[in-house]
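The values are calculated or read from the model by the stated rules, or taken from the named source; none is laboratory data. In this text, all values refer to a predicted model and were calculated from it rather than measured experimentally. As a convention, Cβ positions derive from the backbone with ideal geometry for all residues, glycine included, and neighbour counts pool all protein chains shown. These area figures cover heavy atoms from the full protein model, side chains too; ligands, DNA and RNA do not enter into them. Shrake-Rupley method; radii C 1.70, N 1.55, O 1.52, S 1.80 Å.
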Amino acid sequence: MKMTTDFLDAHKRHWEDAELLFTAARWANADHLYGLAAECGLKRLMCAFGMKIDSASGSPARKKDRVHVDCIWEHYEAYRSGYHDGVSYSLSSLEFFSDWNIAQRYAPQGDFTREIAASHRDGAGKVYNLVKKAIWEGLIS
């Protein structure tokens, strides 16, 4: 069964599930999903700013754009700065994800704390708000 890529839907569901897990003090999985939520939200915005998608795979067409949130900052900035209305979609940085890594899904849950998850929640929340703004302004749907 071939599944299609929908960065916006993935962004929303990862955010919603992360929030549920955060409320339940399930720091490890909340933390992981905050990173995925931010990544998917940024990739949806990058599409709106001109990032091409491979129609066969649904992945970004350029291999260097197939990165996770801990490495996506420069890619997001490049697309955003090349978009005529991109100035209103700036983020100060994605530094709050510099200690996040996709491989942490294998880490023991005891390695995660409320503080770690809260930091990534803050970062994902900034992306979440940008996505909401883009929907409200009609940039994405």
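ALA61 meets each of the listed conditions (1) within 19 Å of ASP6 (Cβ to Cβ); (2) surrounded by 14 or more Cβ atoms within 10 Å (Cβ to Cβ) apart from (2).
When GLY41 is tested against (1) of a type in the set (Gly, Ala, Ser); (2) exposed (fewer than 15 other Cβ atoms within 10 Å of the Cβ); (3) in contact with a helix residue (DSSP H, G or I) (Cβ under 7 Å, 6 or more places away or on another chain), exactly one condition is not met: (2). Among the residues of region 100-117, those identified as under 20 Å from HIS68 (Cβ atoms) and surrounded by 12 or more Cβ atoms within 10 Å (Cβ to Cβ) are TRP100, ASN101, ILE102, GLN104, ARG105, ALA107, PHE112, ILE116, ALA117. Under 7 Å between Cβ atoms, which residue pairs at least 6 apart in sequence (or on different chains) link something in region 97-115 that is closer than 10 Å to ASP31 by Cα and part of a loop (DSSP other than H, G, I, E, B) with a partner that is open to solvent by 50 Å² or more (accessible area, probe 1.4 Å) and of a type in the set (A, V, I, L, M, F, W, C)? Close Cβ pairs satisfying both conditions: PHE112/TRP27; THR113/TRP27.
Taking region 20-38 only, how many residues are buried (at least 20 other Cβ atoms within 10 Å of the Cβ) and in contact with a Phe, Trp or Tyr (Cβ under 7 Å, 6 or more places away or on another chain)? Within region 20-38, residues that are buried (at least 20 other Cβ atoms within 10 Å of the Cβ) and in contact with a Phe, Trp or Tyr (Cβ under 7 Å, 6 or more places away or on another chain) number 6. Does ASP6 qualify as being in contact (Cβ under 8 Å) with a residue 60 or more places away in the chain and among the acidic types (Asp, Glu)? In short, no.
Of all residues in region 53-72, one or more are β-branched (Val, Ile, Thr), in contact (Cβ under 8 Å) with a residue 24 or more places away in the chain and farther than 25 Å from ASP111 by Cα. Would you check if ALA61 is touching a strand residue (DSSP E or B) at 6+ places or on another chain (Cβ under 9 Å) and among the aliphatic types (A, V, I, L, M)? For ALA61, the condition - touching a strand residue (DSSP E or B) at 6+ places or on another chain (Cβ under 9 Å) and among the aliphatic types (A, V, I, L, M) - is met. VAL67 meets each of the listed conditions (1) part of a helix (DSSP H, G or I); (2) under 25 Å from LYS2 (Cβ atoms); (3) under 12 Å from the mean Cα position of the chain (by Cα) apart from (1).
Looking across region 44-58, the residues that are open to solvent by less than 60 Å² (accessible area, probe 1.4 Å) and within 24 Å of ASN129 (Cα to Cα) come down to ARG44, LEU45, MET46, CYS47, ALA48, PHE49, GLY50, MET51. Between SER81, SER90, the distinction of being surrounded by fewer than 16 Cβ atoms within 10 Å (Cβ to Cβ), touching a helix residue (DSSP H, G or I) at 6+ places or on another chain (Cβ under 8 Å), modelled with pLDDT under 95 and on the phi < 0 side of the Ramachandran plot belongs to SER90 only. Scanning region 127-141 for residues that are open to solvent by 80 Å² or more (accessible area, probe 1.4 Å) and either more than 15 Å from the chain's Cα centre (by Cα) or touching a residue at least 60 places away in the same chain (Cβ under 8 Å) (or both) yields TRP136, GLU137, SER141.
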